[in-house]
Ligand SMILES: Cc1cc2nc3c(=O)[nH]c(=O)nc-3n(C[C@H](O)[C@H](O)[C@H](O)COP(=O)(O)OP(=O)(O)OC[C@H]3O[C@@H](n4cnc5c(N)ncnc54)[C@H](O)[C@@H]3O)c2cc1C
């Protein structure tokens, strides 16, 4: 099976994130709308504390067996026992899954209070665990504006991100709206001697409330002028999504001009905005050779 770090070396890549759906019919429609764009890989989220453990595993295996898509399995160490993580990784290895995104994880949005302690504290420890279990291609998460837990201590957050990425193969960023935040992060990692691919994550906004909540949780600045524009468009059907498409297209164009290693789209399991942005950016099936 292909490994994401090899695809990135041949890049630029196109990739999509999905979460294990509750409604399989709607999800099947999303997949059939996005699969023709021939993404290099698709990633499947994992609910911290193992809340989607089986559903993540099922979807990853289903994508591997029944589609031409290359699945990347997210795995979170928060509130997990080491033995359970190893068991999950062993199952993936046995099924032929070679690509893992190693994360700490967050409590789900509807979870009250803190998660119970797990055996591993930080994602970097999970990277080490994954390396010990098998020959996986290992990605990690990075945060262009610093992780919210770091409460503005950007230097130490960047140091932790550099150490984690140094041990992994590539990173995917949290979503962001200002290209300079991404560039500052990449410069900071390079200044610390880490030059592995950092794939920017883009989230086309199609619902204001949901993205505002996620931005707050992720430590992503929701630019006030964008928030005001979206607020003014709230009551007009389709307007929020059109603004979201325009903003994501502009961000994608600026990132393409910076020769980024790939573009990763947070799909929220919806296809329309993402496929329009991809079309605007000229992303889609690679031309096949005529020979
Ligand atoms: C691409 C992507 C995919 C994601 N997928 C999921 C998913 O599937 N499920 C989910 O629940 N969440 C997911 N998340 C969210 C992610 O789990 C959260 O951002 C989480 O809060 C932190 O995860 P991390 O892997 O960056 O953690 P870590 O790298 O462990 O960092 C967390 C905090 O700890 C600090 N830190 C790290 N190492 C040390 C150290 N040695 N000493 C002191 N402090 C340290 C960091 O600076 C940071 O503030 C994803 C995020 C991204 C960007």
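Before moving on, here are some points about what is shown:
- When 46, 122, 92 are arranged by Cβ crowding within 10 Å, least crowded first, meaning fewest neighbours, the order is 122, 92, 46.
- Label positions at residue 1 and residue 257, each projected 7 Å from the Cα along the C-beta direction, are separated by 3.8 nm.
- When the convex hull of its Cα atoms is projected in every direction, mean area for the stretch 153-291 (nm²): 10.5
- Dimensionless Rg/Rh of the stretch 1-156 - Kirkwood Rh, Rg from C-alpha atoms: 0.96
- Mean separation of Cα contacts under 8 Å (6+ apart) over length of the stretch 1-110, as relative contact order %: 28
- Contact order relative to length of the chain, as percent, for alpha carbon pairs under 8 angstrom and 6 or more apart: 21
- For the stretch 22-109, alpha-carbon Rg over 2.2 N^0.38 Å: 1.10
- Calculated [θ] (222 nm, deg cm²/dmol) that DSSP helices of n ≥ 4 give over the chain, each run adding -39,500 (n - 2.57): -14000 deg cm²/dmol
- Proxy reagent accessibility, fewest Cβ within 10 Å first, across 216, 246, 125, 145: 216, 246, 125, 145
- Estimated FRET transfer efficiency (residue 163, residue 213; beta-carbon r; R0 45 Å; 0.05): 0.90
- Per-pair calculated FRET efficiency, R0 = 45 Å: residue 195 and residue 90 via Cβ, rounded to 0.05: 0.90
- Distance between modelled label sites at residue 82 and residue 280, nm, 7 Å Cα→Cβ extension: 4.8
- Pairs of Cα atoms farther than 36 Å apart, the chain, %: 11
- Where the alpha-carbon atoms of the stretch 1-69 are placed on the principal axes, they occupy 34, 28, 18 Å, in descending order.
- Computed lengthening from residue 236 to residue 33, 0.36 nm per intervening residue step minus Cα-Cα distance: 70.6 nm
- Two-site FRET efficiency, residue 65 against residue 133, from Cβ-Cβ distance with R₀ of 25 Å, rounded to 0.05: 0.70
- Taking only alpha carbon atoms, the stretch 174-252 gives an Rg to Rh ratio of 1.05, where Rh is the Kirkwood radius.
- If the Kirkwood radius is taken over C-alpha pairs of the stretch 208-250, then at 20 °C and 1.002 mPa s the Stokes-Einstein diffusion coefficient equals 199 µm²/s.
Quick note: the coordinates plus some simple rules give every number you see, no bench work behind them. As the structure is a computational prediction, the values presented were derived from the model and not from experiment. Using ideal geometry, Cβ is built from the backbone for each residue, glycine included, and neighbour counts are taken over all protein chains shown.
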